[in-house]
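In what follows, a structure is listed as structure tokens, so that the remarks can point back to it.
Readers should treat all values here as calculations from the given coordinates under stated rules, not as data from a laboratory. Bear in mind that the values here come from a model prediction, so they are computed numbers and not experimental data. Neighbour counts run over all protein chains shown; Cβ positions are idealised from the backbone, glycine included.
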Amino acid sequence: MTKQIVVPFGPQHPVLPEPIHLDLVLEDETVVDAIPTIGYVHRGLEKLVEKREFTEYVFIAERICGICSYIHSNTYCECIEQIMGIEVPDRAQYLRTIWSEYSRMHSHLLWLGLFADSMGFESVFMNAWRLREHLLDDMESTTGGRVIQGVCKVGGVRKDIAPEKLDEMLKGLKGIERELQDLTTVFLDDSSIKNRLVGVGRLSCEDAYQLGAVGPTARGSGVDIDLRSTGYAAYGKINFKPVVEHGGDCYARCAVRAKELFTSIDIIEQCIRKIPDGPVDVKVTGAPDGEFFARSEQPRGEVIHYVKGNGKKNLVRHRVRTPTFTNIPPLVTLLKGVELADVPVVVLTIDPCIGCAER
Amino acid sequence: MALFQMTKTVIKSLFSRPATLMYPVNVAKKTANTRGHVKIDPAKCITCKMCQRKCPTQAIEVDNKERTWQIDQMRCVVCSICVETCPTKCLTMDNQYRPAMTARGGIEKFTVAGPKKKEPAPADGAKPKETKE
């Protein structure tokens, strides 16, 4: 029998943007088990809900994550609105959808860049981030923030987008779409990338479902779950098809993210064409009394916000189940049987966002 | 196929201007909406404490006896809620980021005019006074 050794991976590792620790049990060069440890960036944001008014907590909810920030605030607001029975104006719903998709695109481009970097493909990394910058510029000019938008509030949104700006965004997206075609062709067709990814870290459809994988990790294995299909915000009025790949390997997960960029562009275009005129917010009076679970689709998968209030300004409980947290059990399964040299690539394919997972 | 795609991108990058800016020699691009940092017009502040109550990070401290308005720029997350709630619009959002610091600090204290009922805003009451830790 081969001798087993344990190699620590992280919390500080060149491919990891955030700290997660994995103890890799190796036999020769093959990983036979992985033991994850989290707890390096816990901030106690859920507890803070007892100390802040529910309207101000939106800004804290947004700061759970630095990349998928907007959708956190959107989901939290949806919870409060459902408890208090607030009807959000249509225009606000469409604006929320537009910003959600922008944030998904910038997150996916960030990931594609980091992923290319982890394989040593520096020029693709630079190009992905160059394109991401255009999206961040649009976000900054419409919301005021590059990655922390702070534009969602209970009862609507804080800023409106002028029709001229919407046209400008539409034109900008056309240009970005052309450049994205060039970029994603490299990810999907390049032989060196294929050699590195195809067949590595395979997760079967049953495993993905049983272990509770969400987002691109699940869709890469053929599980057709996309929370946007449930029609929250304005998604119910938009035609789109979730991207599902059946390979289950690293290449499939990469392909899902690359193709979702175009779905996002399509959704934004539809939103801009259909957006109605009208107010963007309603006045909120009183305080939430009750509880609600809201689910929405983040770049990394399904996020669940649970909010409980007792009729006072401060909420009683706020619980967030983030996509990375649910994707850790699939990650452990993915790692079993891969070579040590493939571990960084496999870990990155679930798009780990530890700041989210620990709150 | 893919090699050709990448070559196209590389050639395009070769003949186009750099995508990056020589910051800080060239000014970073900012839009009118950009949230940079909070500024106060001390002559208009009535020390109503609305900003202090609304601040999610408790960066603002208002003392209505001393008539001071204090912000900890290191705590401030630039969410702009104070600017929105200010009844006299004495708070504004500047679209330039505040300069980087090399030591702890960032507390800015201003003597403000105070409530209008008691006395009209004195012309010399608008003296910004900065204190450091």
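Averaged over its residues, how many other protein chain Cβ atoms are within 10 Å of peptide A:181-189's Cβ atoms?
On the way: counts 1, 6, 3, 1, 7, 6, 1, 1, 4.
Across the residues of A:181-189, the mean count of other-chain Cβ atoms within 10 Å is 3.
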Going toward the positive end of the dipole of the stretch B:34-129, with +1 on Lys and Arg Cβ and -1 on Asp and Glu Cβ, which of B:M101, B:C55, B:V77 do you reach last? B:C55
What residue among A:Q93, A:Q181, A:Q298 has the largest mean-square fluctuation in a Gaussian network model of chain A, using Cα springs under 10 Å? A:Q181
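What does the helix-only formula give at 222 nm for the protein assembly as shown: each DSSP H stretch with n ≥ 4 adding -39500 (n - 2.57), the total divided by the residues, and the result rounded to the nearest 500 deg cm²/dmol? List each step's numbers first, then the result.
Values: 15 runs with 191 residues, N = 492.
Rounded to the nearest 500, the figure is -12000 deg cm²/dmol.
Would you mind checking B:K44/B:K65; A:K153/B:K30; A:K153/A:K283 for any pair whose Cα atoms are more than 20 angstrom apart? Mind dumping the intermediate values first?
Values: B:K44/B:K65 16 Å; A:K153/B:K30 24 Å; A:K153/A:K283 11 Å.
Beyond 20 Å between Cα atoms: A:K153/B:K30.
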Whose amide H sits under 5 Å from the amide H of A:H21, counting only residues 5 or more places off or on another chain, with H placed in the peptide plane? A:T37
Compute the distance from the alpha-carbon center of the stretch A:253-304 to that of the stretch A:87-147, in whole Å. 14 Å
Sort A:D137, A:D167, A:D190 so that the residue with the fewest other Cβ atoms within 10 Å of its own Cβ comes first and the one with the most comes last. A:D167, A:D137, A:D190
No solvent, one uniform scatterer per C-alpha: report log10 I(q)/I(0) for the stretch B:34-129 via the Debye equation at q = 0.25 1/Å, two decimals. -1.42
Dividing the alpha-carbon radius of gyration of the protein assembly as shown by 2.2 N^0.38 Å, where N counts its residues, gives 1.05
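Let me make sure I get this right: for the stretch A:59-173, a, b and c are the square roots of the gyration tensor eigenvalues over alpha carbons, sorted descending. Under 1.5 in a/c it's rounded, otherwise prolate if a/b > b/c, else oblate. Which is it?
Values: a/c = 2.93, a/b = 1.63, b/c = 1.80.
Oblate, since a/c reaches 1.5 and b/c is not below a/b.
Where in chain A are the DSSP H helices whose alpha-carbon span along the long axis reaches 27 Å or more and whose Kyte-Doolittle mean is at least -0.5?
On the way: long enough: A:90-118 (42 Å, -0.37); A:122-143 (31 Å, -0.60); A:163-189 (38 Å, -0.44); A:250-274 (36 Å, 0.14).
Result, helices passing both filters: A:90-118, A:163-189, A:250-274.
Assuming a ≥ b ≥ c are the square roots of the Cα gyration tensor eigenvalues, decide whether the stretch A:100-151 counts as rounded (a/c under 1.5), prolate (otherwise, with a/b larger than b/c) or oblate.
Note, shape of the stretch A:100-151 comes out prolate.
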Select from the stretch B:37-67 those trypsin sites (Lys or Arg not before Pro) which occupy a DSSP coil region and have at most 14 other Cβ atoms within 10 Å, ordered by residue number. B:K49, B:K65
Let me check against my output: what whole-number percent is the relative contact order of chain A, with C-alpha pairs under 8 Å and at least 6 apart? 26 percent
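Per residue of B:31-44, count partner chain C-beta atoms within 10 Å of its C-beta, then hand back the mean as an integer.
Values: counts 7, 2, 9, 6, 8, 1, 0, 0, 0, 0, 0, 0, 0, 0.
Per residue, the average neighbour count from other chains is 2.
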Between A:V32 and residues 5 or more places away or on another chain, which pairs have amide H atoms under 5 Å apart, with H built 1.01 Å from N, and which residues are they? A:V25, A:L26, A:E27, A:G337
Most exposed first by the Cβ proxy, i.e. fewest other Cβ within 10 Å, how do A:M105, A:M119 rank? A:M119, A:M105
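In what order do B:M101, B:M74, A:M139 fall by count of nearby beta-carbon atoms within 10 Å, going from fewest to most?
Numbers: B:M101 10, B:M74 13, A:M139 23.
Lowest to highest Cβ neighbour count: B:M101, B:M74, A:M139.
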